[in-house]
1. Count, please, the residues in the range 1-28 that happen to be farther than 19 Å from Ile147 by Cβ, open to solvent by 40 Å² or more (accessible area, probe 1.4 Å) and either assigned to a loop (DSSP other than H, G, I, E, B) or hydroxyl-bearing (Ser, Thr, Tyr) (or both).
2. Could you say which residue among Val45, Val31, Val57, Val61 is within 16 Å of the chain's Cα centre (by Cα) and assigned to a loop (DSSP other than H, G, I, E, B)?
3. On the basis of being part of a loop (DSSP other than H, G, I, E, B), at pLDDT 95 or above, surrounded by fewer than 16 Cβ atoms within 10 Å (Cβ to Cβ) and within 12 Å of the ligand (Cβ to nearest atom), does Leu72 make the cut?
4. Considering only the range 250-284, state which residues are among the aliphatic types (A, V, I, L, M) and closer than 15 Å to Leu218 by Cα.
5. Provide a single number: the residues in the range 124-141 that are free of Cβ contacts under 8 Å to residues at least 24 places away in the same chain and hydrophobic (A, V, I, L, M, F, W, C).
6. Taking the condition of being more than 16 Å from the ligand (Cβ to nearest atom) and touching a strand residue (DSSP E or B) at 6+ places or on another chain (Cβ under 8 Å), how many residues in the range 23-52 meet it?
7. Residue under question is Ser112, and the condition is that it be surrounded by fewer than 22 Cβ atoms within 10 Å (Cβ to Cβ), more than 11 Å from the ligand (Cβ to nearest atom), part of a loop (DSSP other than H, G, I, E, B) and modelled with pLDDT of 95 or more; does it hold?
8. Mind listing just one residue for me: the one in the range 142-173 that is without any contact (Cβ under 8 Å) to a residue 40 or more places away in the chain and either within 11 Å of the ligand (Cβ to nearest atom) or within 10 Å of the chain's Cα centre (by Cα) (or both) and, of those, surrounded by the most Cβ atoms within 10 Å (Cβ to Cβ)?
Amino acid sequence: MSTDLNTISKLADLQSQRSKWRHNNQIIALVPTMGALHEGHLSLVKLARTAASKVIVSVFVNPKQFTQGEDLDQYPRDLAADLDKLKTIGADLVYAPDVEQIYPKGFSTHISVTGISEGLCGVSRPHFFDGVATVVTKLLLHCAPDIAVFGEKDYQQLLVIRRLVADLDLPVDVLGGPIVRESDGLALSSRNVYLSKTDRQSAPLLWKALIETRAQLLQGVPMQQAASQTSEQLIKAGFILDYFELCDARTLAPIHQYEGKPARLLIASMLGRTRLIDNISVIG
Ligand code: PAF
């Protein structure tokens, strides 16, 4: 385990470190995570490193973005392993608050971003984006970074956070980092550890479906038609599709046929007991 990576759990200690950095005109970046770090997270830390002189990584499994029956208790937690990984790529500080630090007794406020959070994941997980928006607001207030970095793997989350930051005039630049994939195309996710051996073999079909559907969209095939064939293959392979949608890349408004404006193809599915999400940019 790392011994020389500064790990802080108390807000007062974080504030004192932050003030010292501010005093020295350091540019501070925050990479919020729920731990169980993989190469995708590390790529966000590297991106943060290019834009800032000090990088804070927060590790907090946020109970408010899980609902009953979801995987809060099983969610992988291994702070020691996370610290080892972060040490090798030059993070400066890990903020690992406990639940009481973020949600003290009597905590009664939540942040709700309407509109953009309501479709896609917001339909099957209606609690999710309020939980994300609430914790991200707190983490931004605690860390007061100049820059905050989020992954494009959670594309809708990234847009919800951009909306939140714009609406509340939070003084932070939000950067999106590209999705990191296994060699067979599966997008890296902390939840991939839940996949059984057989499901792990089928999981890259999700990426294949995105690629194949995009190719058809770019040839002018309407979304419904393009998606029907690929969806059928996924269902045959055991996926239970939640959504498979073509959306405006900025507003997430549904698009029926690609007509040249920046769009995003987004998919979510259960495979066994694992929820997988993925997305791809569609630009002709
Ligand atoms: O993407 C995640 O890991 C989480 O949703 C986030 C942004 C750290 C908030 O808990």
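1. 7
2. Working: Val45 fails: assigned to a loop (DSSP other than H, G, I, E, B); Val31 fails: assigned to a loop (DSSP other than H, G, I, E, B); Val57 fails: assigned to a loop (DSSP other than H, G, I, E, B).
Unique residue meeting the criteria: Val61.
3. Values: part of a loop (DSSP other than H, G, I, E, B): yes; at pLDDT 95 or above: yes; surrounded by fewer than 16 Cβ atoms within 10 Å (Cβ to Cβ): yes; within 12 Å of the ligand (Cβ to nearest atom): yes.
Yes.
4. Going through the range 250-284, the residues among the aliphatic types (A, V, I, L, M) turn out to be 252-253, 255, 263, 265-268, 270-271, 276-277, 280, 282-283.
Those that are among the aliphatic types (A, V, I, L, M) and closer than 15 Å to Leu218 by Cα: Ile255, Ala263, Leu265, Ile280, Val282, Ile283.
5. Step one: filter the range 124-141 for residues free of Cβ contacts under 8 Å to residues at least 24 places away in the same chain, giving 126, 141.
Next, only the ones that are hydrophobic (A, V, I, L, M, F, W, C) stay: 141.
Summing the residues that are free of Cβ contacts under 8 Å to residues at least 24 places away in the same chain and hydrophobic (A, V, I, L, M, F, W, C) in the range 124-141 gives 1.
6. Filtering the range 23-52 for residues more than 16 Å from the ligand (Cβ to nearest atom) gives 23-28, 46, 49-52.
From the residues that got through so far, the ones that are touching a strand residue (DSSP E or B) at 6+ places or on another chain (Cβ under 8 Å) too are 26-28, 49, 51-52.
The total comes to 6.
7. Values: surrounded by fewer than 22 Cβ atoms within 10 Å (Cβ to Cβ): yes; more than 11 Å from the ligand (Cβ to nearest atom): yes; part of a loop (DSSP other than H, G, I, E, B): yes; modelled with pLDDT of 95 or more: yes.
So Ser112 passes the test.
8. Within the range 142-173, the match that is surrounded by the most Cβ atoms within 10 Å (Cβ to Cβ) is Ile161.
The values are calculated or read from the model by the stated rules, or taken from the named source; none is laboratory data. Please read all numbers here as calculations on a predicted model, not as lab measurements. Methodologically, a virtual Cβ is constructed for each residue, glycine included, from the backbone with ideal geometry; neighbour enumeration extends over all protein chains shown. Remember, those area values only see protein heavy atoms, side chains included, never the ligands or the DNA or RNA. Shrake-Rupley method; radii C 1.70, N 1.55, O 1.52, S 1.80 Å.
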